[in-house]
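Single-structure report; data block below.
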Amino acid sequence: MTPNRNRTLSFDEKKAAEAAFRGLPIDSTWSESAQAIYYGILAHTQGRNIVEEAEFEGVLS
């Protein structure tokens, strides 16, 4: 099944994505789809805090 990339993320999916990019732990109360998003991002970032790294490098203002 191909994910629908045109839909808006749910609240818990957004929280999961933010947590993954910040290198924060997973929340077991998130939906299955939110947990899948978390693990997908985590696999690509290898658990690094991408947000902090970007702020350190001056990418974010």
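State the extension gain, in nm to one decimal, for the chain segment bounded by Glu18 and Asn49, taking 0.36 nm per residue of separation less the distance between their alpha-carbons.
10.2 nm
What does the extension gain come out to for Ser33 and Thr8, with contour length at 0.36 nm per residue minus their alpha carbon separation?
That works out to 7.7 nm of additional length.
Sort 28-38, 6-16 by the packing proxy (mean of other Cβ within 10 Å over each peptide's residues), most packed first.
The densest-packed peptide leads the list: 28-38, 6-16.
Every read-out reported here was derived from the displayed coordinates using simple, explicitly stated rules and does not represent laboratory data. These numbers were taken from a predicted model, which means no experiment stands behind them. With ideal geometry, Cβ positions are generated from the backbone for all residues, glycine too; neighbour counts draw on all protein chains shown.
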